[in-house]
Amino acid sequence: MKNTEKKQVRRTEMHKHKHEESREKEHSPHGHLFFGVSLVIISVMLLFAGVGVVSAAGETDGISTYKSTEYSSVASVFGDGENVYVMVMDWVQTKGGSSVATITNGIETISINIHDDGTPPDTKANDGHYWGVFTVGTDATNDGTDYLHIDDGDEATITADVGSDGTEGTGTILAYYNTNPTKITVQPGESIQEAINNLPAEGGIVELAPGVHDVYDTIVINKSNVTITGTHSAVVNHHTAGTDCFRIPDQALPLKNIMFKGFTTTSEYAYTSQGYIIHATQVHHFTVEDMIDNSCARDLAAVTSHQVHQKFSENIFFKNNICTEDGKSGLFAQFSTNVHFINNTFYHTYDYAINANRDNKYIYIKENYVLGGTNANVKVYSSSYWDISNNIFAGGGQACLDVLYGPQIGVIKNNTITGALVAGVWIRGYAGPRNMTFINNRIYNNKGHGIFAEHMYNPKYHLDADIINNVIYNNDGDGIRMEQPDMTLNIGNNIITNNGGYGINYGAGGLTISYNDVWNNAGGNYNGISAGTGDIEADPKFASTTPGEEDFHLRSTAGRWTETGWVYTDTVDSPCIDAGDLNDEYGNEPVPNGERINMGAYGNTDEASKSAPTGPDTTPPAEVTDLAASNPTFTSITLTWTAPGDDGNTGTASQYDIRY
């Protein structure tokens with residue numbers, strides 16, 4: 001085992017932003033209730049309460065695996081000699097330092113260091129994502145080189161507990177070493193089903209040639225290790241409304257390593273509430289990737305299960321797909337573990353673009369662009385352990401995030417939330433959220449409220465959420481509207497300005513308010529409640545409020561972040577700089593940071609505006625006492641020293657002047 005270093009914090013830090021109830025129960029085409037997928041990370045039994053709520057003994061770690069440190073490379077199937085990048089996070093919001101993960105093939109075990117301190121492969125320190133890497137293959141296991149032997153077709157289990165709180169998580173990977181699988185090419189007019197049937201028992205590849213492939217009957221995949229692939233010029237045209245185009249059926253043992261990749265889908269019918277392009281039940285290591293969907297099927301892809309005879313799926317990956325404005329479908333998962341919706345694009349889906357339905361565990365919704373969804377961009381339903389980050393939710397439906405029926409334990413971070421009709425974030429249903437944190441989001445230009453906690457009938461338990469370091473701006477309704485008597489909201493470090501109703505409109509429930517800028521709201525800044533500790537009422541001086549060019553970075557004479565880097569041309573300083581909660585972390589803000597968190601969406605991030613000096617700097621850095629020279633050459637020499645602080649041994653020196 002390797003040494004670990006951990007640090008507990010109250011809130012997580014998110015990655016930098018890179019871009020910018022119609023169905024309470026879901027029915028299968030045969031009239032059965034179904035649910036979804038159980039995935040890679042589980043070592044504890046799932047307990048179901050209420051409407052499919054997953055309750056856990058503790059906030060267990062989530063473990064995901066990747067081909068690189070890019071989130072879009074997420075995968076769980078690896079070849080001989082391939083590196084496996086491991087990312088671990090917990091929902092106790094541990095971050096910083098290092099920890100350890102163990103990996104076993106059932107007989108042998110290795111341990112690897114995982115880092116959230118910038119040590120490779122970690123690329124961003126203190127964001128709560130711990131990264132490590134090991135290699136799998138057919139050679140002998142070697143713990144010293146982080147190499148684990150796995151036989152072809154076998155799985156390995158990864159275990160970690162970064163918070164050392166006794167609630168470790170587990171994940172699985174699958175070894176698949178066939179470098180020359182059987183490949184059958186299907187021309188338009190030929191049978192896709194026949195090609196699948198003709199693959200050997202160990203599976204293979206069905207390649208769709210360019211052209212239109214008309215499908216009238218459901219195509220069944222009944223073996224593991226099958227890939228259906230093609231270019232975007234290969235078009236699968238589904239003719240029969242209310243049926244599935246492709247089906248991975250329930251089996252005694254789950255099928256593994258099924259992939260759909262690269263081709264285009266369309267349909268000959270208008271929107272249908274039954275039938276999917278791709279429909280899977282009890283599947284492990286399942287990927288839908290790089291598809292273009294023009295169909296009017298209920299969804300492009302869905303992973304489901306019968307409600308009574310539950311069959312769980314795990315390691316579900318929906319990534320890099322486009323559901324176009326010509327179609328109406330989205331993506332759906334229920335009763336699943338380790339579900340990833342990564343870097344997908346949606347236009348004008350009929351129901352929900354991303355439907356993370358009931359009884360999922362570990363749901364990652366990252367780097368998607370979503371416009372439309374008659375109900376909402378995303379359904380945040382009765383599941384546990386959510387990471388919703390770095391997305392652009394562009395509205396077009398009732399809500400961007402429809403938070404209902406008992407989701408619990410999650411972080412909604414660094415998202416753009418705009419354009420919704422009822423609310424950017426709509427909290428409703430008789431079992432609302434528990435232990436959910438909304439942080440560093442930009443919630444603006446919604447036609448209704450920014451955040452709306454609607455009165456719920458007879459909730460099953462007390463609800464709570466933290467609304468921390470967001471910008472809530474220029475929504476037609478209230479900035480935050482609170483009507484739920486059985487819920488507690490903690491509202492801090494936000495900038496809530498220029499909304500058409502009240503800034504904070506309180507009707508019922510528990511409300512803690514502190515260190516917000518609540519200003520210039522048309523109905524008034526507060527209703528039913530007074531300003532909290534540290535609240536101010538002042539123009540936040542955003543970089544830009546020009547419609548279509550909104551930029552919620554704070555103006556600063558000491559430096560402000562832009563897409564092209566830091567600028568130092570501002571002539572005023574925002575009053576929201578160094579105005580957040582005195583007890584909150586600020587260490588991710590660049591220096592000079594005033595040693596206090598900023599209000600707004602960029603507080604305690606590396607895009608936080610810098611702090612203007614409050615007076616002349618009269619305290620010099622401490623003396624360097626251990627300067628040493630080594631490795632001299634004709635053209636270079638290595639100098640080493642212990643860095644002093646900016647003021648004596650306090651703070652961080654911003655630069656060093658070396659003279660010779």
Got a number for residues in region 258-291 being open to solvent by 10 Å² or more (accessible area, probe 1.4 Å), in contact with a Phe, Trp or Tyr (Cβ under 6 Å, 6 or more places away or on another chain) and outside any loop (DSSP other than H, G, I, E, B)? 1
Going through I150, I110, I196 one at a time, which residue ends up being buried (at least 16 other Cβ atoms within 10 Å of the Cβ) and in contact with a Leu (Cβ under 8 Å, 6 or more places away or on another chain)? I110
Say whether the condition of being surrounded by 20 or more Cβ atoms within 10 Å (Cβ to Cβ) and at pLDDT below 95 is met by at least one residue in region 246-253. no
Being surrounded by fewer than 17 Cβ atoms within 10 Å (Cβ to Cβ), outside any loop (DSSP other than H, G, I, E, B) and more than 32 Å from the chain's Cα centre (by Cα) is the filter here, so list the residues in region 207-245 that pass it. G211, V212, D214
Entirely in region 552-660, the strands (runs of 3 or more DSSP E) that have 3 or more residues that are over 36 Å from the mean Cα position of the chain (by Cα): 628-630, 638-640
Among the residues of region 167-181, is there at least one that is closer than 27 Å to D90 by Cβ, aromatic (F, W, Y) and open to solvent by less than 50 Å² (accessible area, probe 1.4 Å)? no
Residue hits (region 487-501; open to solvent by less than 10 Å² (accessible area, probe 1.4 Å) and assigned to a strand (DSSP E or B)) are M487, L489, I491, G492, I495, I496, T497
If you check G397 against the conditions, is it touching a Lys or Arg at 6+ places or on another chain (Cβ under 8 Å), assigned to a loop (DSSP other than H, G, I, E, B) and either open to solvent by less than 20 Å² (accessible area, probe 1.4 Å) or under 24 Å from N343 (Cβ atoms) (or both)? no
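The values are calculated or read from the model by the stated rules, or taken from the named source; none is laboratory data. Quantities reported herein were computed from a predicted structural model and do not represent experimental measurements. With ideal geometry, Cβ positions are generated from the backbone for all residues, glycine too; neighbour counts draw on all protein chains shown. SASA here: full protein model, heavy atoms, side chains in, ligands and nucleic acids out. Shrake-Rupley method; radii C 1.70, N 1.55, O 1.52, S 1.80 Å.
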